[in-house]
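Structure, as structure tokens:
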Amino acid sequence: MGDFMSEDRMRAVTEAAADIAGALPGFKPRALVVLGSGLGAVVDALDRRAEVPFADVRGMAASAVAGHSGRFVMAYAGDVPVLVSVGRLHLYEGHPSDTVVLPLRAARAMGASVLVATNAAGGVSDRVRPGDLVMLSDHLNLTGSSPLLGPNLESLGERFPGMADAYSARLRTLASERASELGLELVEGVYAGVLGPQYETPAEVRALVAAGADVVGMSTVHEVIAAVHAGMECLAFSAVTNMAGTAGGHEEVLETGARTAERLGVLLTDILARL
Ligand code: HPA
């Protein structure tokens, strides 16, 4: 605490939170919902009240990846206020981890206590197929990095946070119950978070299978680590867009993601309203 580096990083969080909050003064989100590649349409199912493009938020750059329009939406799911990040910034774009998790920390500063992360992912194990909706039970952080590098941000959390219960058992139970009530098939699985942007080699896919991964993607793990550090409950979903190692390219990812987005939207709207 008190060192200049930590002060600068916390100021960035306060500034980002102020820029987002300015769009709808008094809005206090219960959750941050991050929508990944091809999943942006999920926000259409919510009652939207205000929007802020990433480019208008200090510390965020306009996200340039196709399929990421890059904006924050303040919305309601029933009576529950949620901040939705439509798109996200990725490590593979060259953004530092502090920037990647800035929306999460800003949402925390605005009062959010839950992170709901979504992503497009490649299927790794034989438990998943393209088109599946996977609820994450755990992850492998294979990015070689962490959002907690550097002096610890003491005002957010402890130096060595435990990751044993990163994905909230309470929220997973709620999600499983709601999915079966809604007649939606939901597989539970382990997400391997890699740096990208290149897709996996056959040897890497075999290594991921051996390591116990069910799906692989290029996001989410840093957000979850930063959320756990800050004492938030996490829930995360992957839309399986292809089998890893056989990606037809970013277009296929966006197309299959868009088809799964419909089911994810139904499930998320239902869950968020119960937070
Ligand atoms: N690998 C990594 N990330 C991905 C994939 C994949 O096959 N598909 C969508 N995101």
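The values are calculated or read from the model by the stated rules, or taken from the named source; none is laboratory data. Please read all numbers here as calculations on a predicted model, not as lab measurements. Cβ atoms come from the backbone with ideal geometry, glycine included; neighbour counts cover every protein chain shown. With ligands, DNA and RNA removed, areas are computed over all heavy atoms of the protein, side chains included. Shrake-Rupley method; radii C 1.70, N 1.55, O 1.52, S 1.80 Å.
Exactly one residue out of Met74, Met60 is of a type in the set (A, V, I, L, M, F, W, C), in a loop (DSSP other than H, G, I, E, B) and either within 21 Å of His222 (Cα to Cα) or open to solvent by less than 10 Å² (accessible area, probe 1.4 Å) (or both), and it is Met60. Go through the residues of the range 96-110 one by one and say whether even a single one is assigned to a loop (DSSP other than H, G, I, E, B), over 15 Å from Ala230 (Cα atoms) and more than 16 Å from the ligand (Cβ to nearest atom). Yes: one or more hits.
If you go through the range 259-275 one residue at a time, how many are open to solvent by 10 Å² or more (accessible area, probe 1.4 Å) and under 13 Å from Val240 (Cβ atoms)? Explain how you work it out, then say what you get.
From the range 259-275, those open to solvent by 10 Å² or more (accessible area, probe 1.4 Å) are 259, 262-263, 266, 269-270, 273-275; that's our starting set.
Now narrow it down to the ones that are under 13 Å from Val240 (Cβ atoms): 259, 263.
Qualifying residue count, the range 259-275: 2.
When you look at Val42, is it of a type outside the set (Asp, Glu), part of a helix (DSSP H, G or I) and either at pLDDT below 90 or within 16 Å of the ligand (Cβ to nearest atom) (or both), yes or no? Judged against the criteria, Val42 is a match. From the list Thr241, Thr246, exactly one residue is surrounded by 20 or more Cβ atoms within 10 Å (Cβ to Cβ) and either part of a loop (DSSP other than H, G, I, E, B) or touching a strand residue (DSSP E or B) at 6+ places or on another chain (Cβ under 7 Å) (or both). Which is it? On inspection, the qualifying residue turns out to be Thr241.
For the range 183-201, the count of residues that are part of a strand (DSSP E or B), open to solvent by less than 40 Å² (accessible area, probe 1.4 Å) and of a type in the set (Val, Ile, Thr) is nonzero. If you go through the range 206-227 and pick out every residue that is open to solvent by 30 Å² or more (accessible area, probe 1.4 Å) and more than 16 Å from the ligand (Cβ to nearest atom), you end up with 2.
Name the residues in the range 228-250 that are of a type outside the set (A, V, I, L, M) and away from the ligand (no atom under 14 Å from the Cβ), would you?
So in the range 228-250, the residues of a type outside the set (A, V, I, L, M) come out as 229, 231, 233-234, 237-238, 241-242, 245-246, 248-250.
Residues satisfying the conditions are His229, Gly231, Glu233, Cys234.
Within the bounds of the range 172-179, is there any residue that is charged (D, E, K, R), open to solvent by 10 Å² or more (accessible area, probe 1.4 Å) and within 16 Å of the ligand (Cβ to nearest atom)? Checking the range 172-179: not a single residue is charged (D, E, K, R), open to solvent by 10 Å² or more (accessible area, probe 1.4 Å) and within 16 Å of the ligand (Cβ to nearest atom).
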